[in-house]
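The structure under discussion appears below in the form of structure tokens.
The values are calculated or read from the model by the stated rules, or taken from the named source; none is laboratory data. Everything numeric here is computed off the predicted structure, so don't read it as measured data. All Cβ positions, glycine included, derive from the backbone under ideal geometry; neighbour counts span all protein chains shown. To get the accessible areas, we keep the full protein, side chains included, count just its heavy atoms, and leave off ligands, DNA and RNA. Shrake-Rupley method; radii C 1.70, N 1.55, O 1.52, S 1.80 Å.
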Amino acid sequence: MDHKRLLSCCVEILDSFNPRIHGVLEHLNTCLATKLDLEESDESFITEVFSGCVQYTNILKVVVDAFFADIGKTSLRVDRNVYTVVVYLALYRLDELGIAHYRKFVVSHEANKMYKFLSFLFNEDNITTWMKHEVSRHSNHLSDGVKHYEHSYVQTNLISPLLRWLPELHDLVAELGDKLANKQKPRKPKAATEPKPFNLTKPRPRSVPMPEKIPKLKKLRQVPQSTYRAPVEDDVIAKIREENRKRAEEELIRSSARQPSCASAEKSDKAKRRMRRIINEENSKLQFNKVKAQEMPSTTSGNIPIKLNAATILREGILFQKKEEEELKKLLEYEKGGRDATEFLKWQENTRKKDLEERLAEIEMRRLEGKLSYEEAILARQTMIRENQQRVIEMKEETRDMMQKHLERKSKEGEEMRKLVEQTMSEHENTKEARKKLQEYKQKLVQEVSKESQELMRKALEEAEEEMRQRVALIAKIRAIESVPVIRFKHVDLTESSGAGLLSEMSVSELRERLALLKIAEKEDVEDRRDNILKSKVEKDQFLMDTLETIAKHRAEKGNEAAIQFETKKRQKKPEVKDPKLQELQERLEARKAERKKESEKLAVVPKKSSARRQKVLQAEKAALEKMRWRELEQTREKAAKLRGEGLASRNSAGVRPVTTLRNQQPTTKIAS
């Protein structure tokens, strides 16, 4: 078993042990009976640790209580038995276990708690001073009476072995501290590899080979003279070629003598004159020294193509349709005898102008009042800063007085706590005799209860054996029934039905025929749907084209109206606001501004040379950081551009069409604005 489980088993047994109720051996046997996976060595270790902790409970209690009183005030009391086991192993079993096994027990628990406890336990000052005296002063309760530990026993059996192991234990505590501080151990440098020569076998000396006989060549025939002469066929071909050339020359002379007049390559004088005139006209048009003007950009000339969605076209068409219906309604009302509303509109415009002037005056008033309140707030803030400075000085004096009182109170509380600790230690010594009597009484009771429990366990075992016999017999019967073979083969006829007697019952072959008929009907239905969809698409396209025409007309009319309204707005002048209240507010605002400037000049702090230097350094650092940031941005942009270029190249090489070509292929609808 690993060290962590052994430690947890020991702590569990100590946690459940109560000396007033349980006996030591009986409690140990009951606890070990629950743990079935223990080996003999593990059981012997647990029994020795448990019996040792119970036997030397007073010595272990002294160390653990001192820890909780000194450093472990914030530690949990639940871990008390863990600390007792660790102290027992350190004081009585360290020579037997060795530092390696002891380290494994310590590391198996939480590092933070172990570091805190072991730094207190293995402190050399604590071991040689109070621990030595306290252990010798306290007594151990035995059956024959009370036995006090002598100083020589404590020194030789407890303190001196612990002091001998202190260097290794200090290394363990330092290791735990490094683990908590997340420090890494420095690795030992590996020794350099020393090259060694290969253990190769030495080659044997080669034997001198015997010389081979040089083979003699046979005498060859001489080369025939015909190889050096030209073949007769070449002479024959050259003669035929010469005759053919002569015959072709004669034919050419005859054809040139018989040449007709229309086949002459020379041009007439009239044609030459016309050609000269055309060339002169073309040369007169050329102007090489003329300054070339830049052409107008394509975006400014002509109608710009705007891509419209079907939804936008329909939405705009409905909007213009509603406007047309409203105008028709107005015309119908005029036909019936309705009146023109020009006079009412003029009156409405005049009232709106008056309202606008009043509104502008109110806005100006609010703006000036806001500025006034801003100036007053600044003045109030300056006065508040002065008051806060005085208040801070008063608060500092109060805190000094409070700190002195707190220190005096702390010293008094420390003296009271020392007195209380001394009182409690004296009370603990008086209660030990009463505990011993109670323990003996409880041991007698436990022995009586154990006999009754053994009889009950024997009866329960007999009943369990009877139930197991019955279960084994049942399992044997079930296995015998399952071993009998069952015929599960069945012939299948696809033309026959299942014979369940249902109305919709049919064979597999009939079902396949019906499925084929259903598929044919489904295909016909799909084709009808496609035809209907195509018809609806054509009708929709026609309707969209009509709406686009109406939209273009309405937009042209709107453009004309907007141009007329723009010219009328240019001629109008902005209304001027004149109000005596506004002038008063302006004067008050200027006075407040002057007061604020005077107050700020009073509170202004004269900058020192060091602060000015510091500010220059900060500005330089800021400029350097900005340069770094811009450089990083440029680098990221360049990387992104490179990646895009590589991606496009790879896509084009793989046969993927670029996005721009696909976009250009889409039809664009031009709308006259």
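If I model a spin label at Lys558 and Arg469 as a point 7 Å from the Cα along the Cα→Cβ vector, what separation in nanometres do I get?
Here the modelled spin labels are 10.4 nm apart.
If you count only protein heavy atoms and use a 1.4 Å probe, how large is the accessible surface of Cys53, to the nearest 10 Å²?
10
Say each of Lys285 and Ala192 gets a label point 7 Å from the Cα, pointing the same way as Cα to Cβ; how far apart are those two points in nm?
9.0
Using Cα positions and a limit of under 16 Å, work out the aspartates and glutamates in reach of Lys540, with same-chain residues fewer than 8 apart set aside.
Within the straight-line limit of under 16 Å, Lys540 reaches these aspartates and glutamates: Glu316, Asp531, Glu549.
Lys and Arg at +1, Asp and Glu at -1: add these up for the other residues within a Cβ distance under 12 Å of Glu557 and post the number.
+1
Shape verdict for segment 193-261, please, from the Cα gyration tensor: rounded (a/c under 1.5), prolate (a/b greater than b/c) or oblate.
Working: a/c = 19.27, a/b = 2.59, b/c = 7.43.
Since a/c reaches 1.5 but b/c is at least a/b, the shape of segment 193-261 is classed as oblate.
How much net charge surrounds Asp401 when only other residues with a Cβ under 12 Å from its Cβ are counted (Lys, Arg +1; Asp, Glu -1)?
Neighbourhood net charge equals -1.
If the chain between Gln225 and Gln55 were fully stretched, how many nm would it gain, using 0.36 nm times the residue separation less the Cα-Cα distance?
Net length gain for the segment: 48.2 nm.
Sort segment 357-433 into rounded, prolate or oblate with this rule: let a ≥ b ≥ c be the square roots of the eigenvalues of the Cα gyration tensor; rounded if a/c is under 1.5, and if a/c is not under 1.5, prolate when a/b is larger than b/c, oblate otherwise.
Here segment 357-433 falls in the oblate category.
Which lysines have a Cα lying under 18 Å from the Cα of Lys459, excluding residues fewer than 8 positions away in the same chain?
Partners within reach: Lys451.
I need the P(r) histogram for segment 409-546: all alpha carbon pairs, bin width 10 Å from 0 out to the longest distance, whole percents.
For segment 409-546, the pair-distance distribution reads 7, 10, 9, 9, 9, 8, 8, 8, 8, 12, 12, 0.
May I ask which of Lys353/Lys570; Lys323/Lys354; Lys113/Lys183; Lys329/Lys569; Lys61/Lys405 have a Cα-Cα span longer than 26 Å here?
Result: Lys323/Lys354; Lys329/Lys569; Lys61/Lys405 exceed 26 Å.
Could you check the simple spin-label distance between Lys519 and Val449, using points 7 Å along Cα→Cβ, in nm with one decimal?
In this crude label model, Lys519 to Val449 measures out at 8.2 nm.
Could you sort the peptides 310-322, 415-427 by per-residue average Cβ neighbour count (10 Å cutoff), highest mean leading?
Highest to lowest by the protection proxy: 310-322, 415-427.
How many Å² of accessible area per residue for segment 408-520, probe 1.4 Å?
For segment 408-520, the per-residue accessible area is 100 Å².
Let me check I have the definition right: for segment 1-124, take the eigenvalues of the Cα gyration tensor, multiply each by 5, take square roots. What are those semi-axes in whole Å, largest first? Spell out each step's value before the answer.
On the way: eigenvalues 108, 60, 34 Å².
Each semi-axis is √(5λ); the values are 23, 17, 13 Å.
In nm, what is the difference between 0.36 nm times the number of residues separating Asp546 and Asp37 and their Cα-Cα distance?
Result: 174.1 nm gained on full extension.
Using a Debye calculation, one point per C-alpha and no hydration shell, please list log10 I(q)/I(0) for segment 32-101 at q = 0.12, 0.15, 0.20 Å⁻¹ in order.
-0.39, -0.59, -0.92
Under the Karplus relation 6.51 cos²θ - 1.76 cosθ + 1.60, θ = phi - 60°, what is the ordered set of whole-Hz ³J(HN,Hα) values for segment 195-212, x standing for Gly and Pro?
Listing the rounded values in order: x, 10, x, 5, 7, 8, 6, 6, x, 6, x, 6, 7, 6, x, 6, x, 7 Hz.
At 0.36 nm per residue, and after removing the present C-alpha to C-alpha distance, how many nm does the segment from Met506 to Lys246 gain when stretched out fully?
83.6 nm
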